[in-house]
Amino acid sequence: MATNYLKRSKPETEKAAEDAKVAEAVAATLADIETRGDAAVRELANKFDGYDRDSYRLTSKEIEAIIAKVPARDMEDIKFAQEQVINFAKAQRASMTDIEVETLPGVILGHKNIPVQSVGCYVPGGKFPMVASAHMSVATAKVAGVPRIIACTPPFNGKPNPAVIAAMHLGGADEIYVLGGIQAVGAMALGTETIEPVHLLVGPGNAFVAEAKRQLFGRVGIDLFAGPTETMILADETVDAELCATDLLGQAEHGYNSPACMITNSKKLAEETVSEIARLLQILPTADTARASWENYGDIIVCDTYCEMLDVANEMAYEHVQVMTSQDDWFLQNMHSYGALFLGPRTNVANGDKVIGTNHTLPTKKAGRYTGGLWVGKFLKTHSYQRITTDEAATMIGEYGSRLCLLEGFVGHAEQCNIRVRRYGGKNVPYATAAE
C-alpha cells in the first residue's frame with residue numbers, strides 16, 4: 001500500500017500519556033463524590049464552574065422564567081430540530097417489534113423491548129452550549145418511553161443557558177440540574193443525598209466526562225465509550241480544497257484535541273487543502289481552538305486507490321466520516337467501522353450534529369468497530385421469555401435438556417428437566433441420570 005502522510009498528528013505515546021492523567025484525576029473525583037455526596041458536588045461546581053446555589057435542580061418556575069428568555073426565532077429553530085430528531089427516533093422505534101413465535105409444537109418463545117427505567121442525560125455547555133445534545137438524549141429517551149429522565153448541563157457564562165434548558169424541557173426531562181463535568185456525571189450515576197441515581201448515562205462531553213462514564217460503566221449502563229469529536233473526509237478531485245478545509249476546521253473547533261483527518265487519492269487536492277486551511281485559520285473566529293487541534297491532531301493521508309482509502313478509513317474508524325467522491329455509494333456499501341456517514345458534497349457533519357434528525361452522539365477512538373451511536377434502541381432492553389404449553393413438549397424438551405445438562409456435568413440442572421419428564425410424560429427417569 002502506497003499510503004503516505006502529507007501531514008501527521010502528534011505521536012500516540014503523547015496522546016496516551018494525556019489520557020492517563022485524565023483517568024487518574026477522574027478516579028479520585030468519583031471516589032470523592034461517592035464518599036461525600038452533595039458536599040463534594042458543590043465544591044466541584046464552585047471550583048470548575050464558579051457556580052453555587054441552594055439546589056442545583058431547577059424548579060418549574062425557574063424553568064419557565066429561563067425559557068421565556070429564548071427569542072422567538074431561536075425557539076422555532078429548536079422546535080424544528082427537535083421534531084426532526086423525534087420523527088427519526090419514532091421511525092427507528094417502530095422497527096423494533098416485540099415477537100412471539102411457536103418454534104416447536106407447544107414451545108413458545110418471545111421477546112419484549114422494555115425501556116430503561118431511569119436515564120441521566122449529560123448536555124455539554126461550558127464552552128459551547130450544546131442545544132442539540134438535548135434533542136439527541138432527552139427527546140430520544142422520551143420516544144423510547146423511559147419513565148424518569150434527568151438532565152444535567154453546566155452554567156454558561158455563569159448562569160443556565162436558556163436555549164439548552166428549553167431544549168431539555170421540550171424534550172421531556174423530568175428533572176433538570178445546572179451541573180457540569182465529572183460532578184454531573186458522578187452525581188447522576190452514583191447518587192447523592194438529593195439526586196437519586198439512574199440506570200443509564202448518555203450524552204457527549206469532554207475528555208473528563210468521557211473518562212468518568214468509562215469508569216462508571218458497570219455501576220450503570222452508558223451509551224458508548226467516547227472521546228473528543230473526530231471528523232474524517234474521504235475526498236477526490238470531484239470536490240475542491242475550500243470545501244475540504246471548511247469541513248475539517250468546522251469540527252476541529254470543538255476542542256483542543258479534536259482529531260481531523262483527510263484521506264484522498266489526489267495529492268493536488270491534499271496540498272491545496274493544506275494551503276486553504278492556513279488561509280481559513282487567519283479569519284476563523286474559533287481559530288485558536290481549531291489551530292491547536294489541527295496542528296496536534298490533524299492528518300492528511302494520500303492513497304493511490306479508492307480501495308486503499310477504504311482500508312485506511314475502516315482501520316481508523318472515525319466518528320464522523322464525510323464522503324465526497326465519485327464513488328459515494330461504493331463507500332456506503334463497503335464502510336464497516338465508523339460512527340456516521342455523511343454522503344456527498346451537499347451533506348455535512350454540522351447538519352448531522354444539529355438538525356437533520358440522526359443522532360449526533362457517536363462512537364470515537366475506534367469504538368465504531370463494535371458499536372454504533374446513540375439511538376432510540378439504546379434506551380430499550382430486549383428481554384426474552386419462554387413458555388411450554390403441552391405435556392408432549394415438556395417431555396420432549398426435558399429429555400434433550402437432561403442429556404445435555406449431564407453432558408456438561410450439571411446434575412442439578414438435569415433434575416430440573418427429569419422431574420418434568422416424570423410429571424408430564426409419565427416416564428420413570430431416576431434422579432441424576434439421562435432420560436432414555
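Residues checked against (1) open to solvent by less than 70 Å² (accessible area, probe 1.4 Å); (2) under 29 Å from P124 (Cβ atoms):
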position: L343; (1), (2): yes, yes
position: K381; (1), (2): no, yes
position: Q386; (1), (2): no, no
position: Q416; (1), (2): no, no
| said: I'd like the full set of residues that are part of a helix (DSSP H, G or I) and either touching a residue at least 40 places away in the same chain (Cβ under 8 Å) or at positive phi (or both), limited to the range 397-409. | reply: I397
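Each row is one residue, and each column tells you yes or no for (1) of a type in the set (S, T, Y); (2) within 30 Å of L216 (Cα to Cα); (3) touching an Asp or Glu at 6+ places or on another chain (Cβ under 6 Å); (4) surrounded by fewer than 18 Cβ atoms within 10 Å (Cβ to Cβ).
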site: M75; (1), (2), (3), (4): no, no, no, yes
site: E83; (1), (2), (3), (4): no, no, no, yes
site: F88; (1), (2), (3), (4): no, yes, no, no
site: S95; (1), (2), (3), (4): yes, no, no, yes
site: L109; (1), (2), (3), (4): no, no, no, yes
site: C121; (1), (2), (3), (4): no, yes, no, no
| remark: Taking the range 213-269 and keeping residues closer than 28 Å to E18 by Cβ and among the charged types (D, E, K, R) leaves K213, R214, R219, D223, E230, D247, E253
| Applying the selection to the range 17-36, what residues are of a type in the set (V, I, T) and in contact with a Gly (Cβ under 8 Å, 6 or more places away or on another chain)? | T29, I33
| message | Where the second residue is β-branched (V, I, T) and open to solvent by less than 20 Å² (accessible area, probe 1.4 Å) and the first is closer than 20 Å to A226 by Cα and lies in the range 340-368, which pairs have Cβ atoms under 6 Å and are six or more apart or on separate chains? | response | L341/V321; F342/V349; V349/T231
| Can we say V349 is closer than 27 Å to V202 by Cα, touching a Leu at 6+ places or on another chain (Cβ under 6 Å) and buried (at least 19 other Cβ atoms within 10 Å of the Cβ)? | no
| task | Could you tell me whether any residue of the range 165-174 is of a type outside the set (D, E, K, R), closer than 21 Å to R42 by Cβ and buried (at least 24 other Cβ atoms within 10 Å of the Cβ)? | result | yes
| said: Pairs needed: first member in the range 248-265, free of Cβ contacts under 8 Å to residues at least 12 places away in the same chain and farther than 13 Å from I277 by Cα; second member anywhere, of a type outside the set (K, R) and open to solvent by 20 Å² or more (accessible area, probe 1.4 Å); C-beta distance under 9 Å; at least 6 residues apart or different chains. | reply: none
| said: Being farther than 26 Å from P129 by Cβ, in contact with a Lys or Arg (Cβ under 6 Å, 6 or more places away or on another chain) and open to solvent by less than 50 Å² (accessible area, probe 1.4 Å): is that true of V302 here? | reply: yes
| said: For the range 197-223, which positions are open to solvent by less than 10 Å² (accessible area, probe 1.4 Å), within 10 Å of the chain's Cα centre (by Cα) and hydrophobic (A, V, I, L, M, F, W, C)? | reply: L201, V202
| field | Candidates T97, T103, filtered to the one that is hydroxyl-bearing (S, T, Y), free of Cβ contacts under 8 Å to residues at least 60 places away in the same chain, in contact with a strand residue (DSSP E or B) (Cβ under 7 Å, 6 or more places away or on another chain) and under 30 Å from Y385 (Cβ atoms) | value | T103
| Any chance F48 is in a helix (DSSP H, G or I), surrounded by 12 or more Cβ atoms within 10 Å (Cβ to Cβ), modelled with pLDDT under 95 and not hydroxyl-bearing (S, T, Y) | yes
| query | If we keep just the residues of the range 418-434 that are part of a loop (DSSP other than H, G, I, E, B) and hydrophobic (A, V, I, L, M, F, W, C), which is surrounded by the fewest Cβ atoms within 10 Å (Cβ to Cβ)? | reply | A432
| request: Tell me the strands (runs of 3 or more DSSP E) entirely within the range 282-382 that contain at least 2 residues that are more than 30 Å from K79 (Cα to Cα). | output: 298-302
| Quick one: which of L6, L30 is open to solvent by 40 Å² or more (accessible area, probe 1.4 Å) and touching a residue at least 40 places away in the same chain (Cβ under 8 Å)? | L6
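The values are calculated or read from the model by the stated rules, or taken from the named source; none is laboratory data. Since the model is a prediction, treat every value here as computed from it, not as a measurement. Note that we place each Cβ from the backbone using ideal geometry, even for glycine, and neighbour counts take in every protein chain shown. Heads up: the accessible areas ignore ligands, DNA and RNA and are worked out on the full protein's heavy atoms, side chains in. Shrake-Rupley method; radii C 1.70, N 1.55, O 1.52, S 1.80 Å.
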